[in-house]
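Visitor: Dropping the structure in here first, questions after.
Readers should treat all values here as calculations from the given coordinates under stated rules, not as data from a laboratory. Nothing here was measured: the structure is a model prediction, and the numbers come from that model. FYI the Cβ positions are ideal-geometry reconstructions off the backbone, even for glycines, and counts take in every protein chain you see.
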Amino acid sequence: MKKILIVDDDIASCRTLELHFTHQGFEIQSAHDVESGLSTAQSMQPDLIILDIKMPGRSGLEGLPDFKKAHPECSVIMITAFHDMESTIKAMQSGACEYVHKPLDIDEIDEAVTKALNRSKALVDDLDIAPNDRTDGSSMVGRSNLMKEVFKTIGLVASKPVTVLITGESGTGKELTARAIHNASDRSDGEFVAINCAALVETLLESDMFGHEKGAFTGAVNRQIGKFELANTGTIFLDELGELSPTIQAKMLRVLQEKEFTPVGGTKARKTDARVIAATNVDLEEKVKNGEFREDLYYRLRIVTICMPPLRERAEDIMPLVQMLLGKINKELKRNITRLSQDTMNAFAMYNWPGNVRELSNILTKAVALCPGDTITPDLIPEEISELMRDQLSTPSAPENIQPRDRLLSLEEVEKKHIMHVLRATGGHKGNTCTALGISRPRLRRMMHNYAIED
């Protein structure tokens, strides 16, 4: 039986909440000031505290830190008749998980209690993800076979003076891969210069890449050094390469062939020894077929190609990525979020991640910013992700419309149906299925074979 402590000097309000929650099956105790509330909480060890703000003696806001210090795993709902912004902000900063105004609406307080108790339940089954605080978030992380192949290729190509084309969906870490190649090469002492080829119009991009001479165009009051000159002896990274115009494609081909370029408005070619690494999230081969990209430039760029796998194909990497990203986000936001609830991690494993690692980073940043404790729970992540677990829990694994006269299923049949259900929920993704079931890939293969589940 869950235990709720109500701390409120309003006797009528206390009595109403006592009757309501007792009727719902909770064990209820009340106190009418902060000091007696702390004493009652010590003996009661509640699962939830409903704490009023304005009371005789110390206010609920003043007592909240003491309640959280003595009972860190206990959720606290603040209630008040005052609707001022400052009290709400202070309550949330001090560790309250919900804030409800008087006069209390029963549906609203029920919703707050349900959410708070679900959070407390999550803390029991949470995962201590031990954020990796030894990284600034710029390291490449992965233990999947797909990422191991990427790491191997980086190791092989880093010391070779060849162009590299990195392909993959947005958010898969193409720039991190380029930086890893640069850092592992004999050019690591030189500059790593990145250019987003889609960020500037053609004239500005040309000047940004190759520089311009004084008077080359209106506003060119001084000579400007371009990125290729700046990156000399280092590495230049061309992101979103597929967006280059035909004019700049022709100039890029000359840079690769002759290792020289001419600034805008200039007459004299300049040499560069910059290594070129390019990246794209579009199909360059298709662009070549459609006449939108030079075939000779394409083959010059793809001496070595590294294909970055999408996150949905490497579910094994979600946990280490969460650890690395949380270490970075904690530093940036001055927080200490150290845990994920099991339901959150399961939902992460089942989600398709269309935005890849960048989307994961953005979701974790928002969750850390809004997290009232030290654990990220499903209510802190987007609904389209958290509802994956709710859908799984709400869908029975037993046959629908089962009647009492129907025979009982054997344990093996129940296990087979549950595996099939999770496979359907994950779209047949083996890595996500293993994470949701908490088993290894070899065990999943054996079980599918034993139960004759089609791959």
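Visitor: Round to the nearest 0.05 the FRET efficiency obtained for R254 and R441 when R0 = 60 Å and r is the Cβ-Cβ distance. Show your work: numbers first, answer last.
Guide: Values: r = 49 Å, r/R0 = 0.82.
The pair R254/R441 has a calculated efficiency of 0.75.
Visitor: Right, another one. Largest first and to the nearest Å, give the Cα extent of segment 3-124 along each principal axis.
Guide: The Cα atoms of segment 3-124 stretch 34, 29, 25 Å along the principal axes, largest first.
Visitor: While we're here: Residues in segment 239-273, backbone N under 18 Å from the label point at K214 (7 Å along the Cα-to-beta-carbon vector): list them, ranges by number please.
Guide: Residues 263-268 fall inside that zone.
Visitor: Still on this structure, I have one more. Any chance you could check the Cα centroid distance between segment 72-87 and segment 322-359 for me, in angstrom?
Guide: With segment 72-87 and segment 322-359 each reduced to a Cα centre, they are spaced 27 Å.
Visitor: With an 8 Å cut-off on Cα pairs and a minimum separation of 6 or more residues, tell me the relative contact order of the chain in percent. Write out the running numbers ahead of the final one.
Guide: On the way: 740 pairs, mean separation 63.8, N = 455.
Computed over the chain, the figure is 14 percent.
Visitor: Which pairs, out of K152/K271; K287/K328; K148/K289; K69/K331; K115/K331, put more than 30 Å between their alpha-carbon atoms? Display every interim value, and only then the final one.
Guide: Working: K152/K271 32 Å; K287/K328 37 Å; K148/K289 32 Å; K69/K331 23 Å; K115/K331 28 Å.
Pairs exceeding the cut-off: K152/K271; K287/K328; K148/K289.
Visitor: Taking the 0 to 90 degree range and rounding to the nearest ten, how far is the long axis of helix 383-394 tilted relative to the main principal axis of the chain, both from C-alpha atoms?
Guide: 50
Visitor: Ordered by packing density, taken as the mean number of other Cβ atoms within 10 Å over each peptide's residues, highest first, how do 314-320, 217-223, 255-261 rank? Let's see the in-between values first.
Guide: Values: 314-320: 20.1, 217-223: 9.9, 255-261: 15.1.
The peptides rank, most packed first, as 314-320, 255-261, 217-223.
Visitor: Which whole-number percent gives the relative contact order of segment 3-124, counting Cα pairs below 8 Å spaced six or more residues apart? Mind dumping the intermediate values first?
Guide: Details: 191 pairs, mean separation 26.8, N = 122.
For segment 3-124, the relative contact order is 22 percent.
Visitor: How much net charge surrounds A194 when only other residues with a Cβ under 12 Å from its Cβ are counted (Lys, Arg +1; Asp, Glu -1)? Don't jump to the answer; show the numbers that get you there.
Guide: Values: positive: K174, R179, K227; negative: E175, E191, D208, D239, E240.
That works out to -2.
Visitor: May I ask you to order 332-338, 172-178 by the average number of other C-beta atoms within 10 Å around their residues, highest value first?
Guide: Values: 332-338: 13.7, 172-178: 22.1.
Highest mean packing first, the order is 172-178, 332-338.
Visitor: Sorting check: for 375-385, 266-276, which peptide has the highest mean count of neighbouring beta carbons within 10 Å, and how do the rest follow? Mind showing how you got there, number by number?
Guide: Details: 375-385: 19.7, 266-276: 16.0.
Going from most to least packed, we get 375-385, 266-276.
Visitor: Please provide three numbers in whole Å: the alpha-carbon extents of segment 207-282 along the principal axes, with the largest listed first.
Guide: Sorted largest first, the three principal extents are 36, 25, 17 Å.
Visitor: Rounded to a whole number, what is D in µm²/s for the chain from Stokes-Einstein with the Kirkwood radius over alpha-carbon pairs (4 °C, 1.567 mPa s)?
Guide: On the way: Rh = 26.5 Å.
The estimated diffusion coefficient comes to 49 µm²/s.
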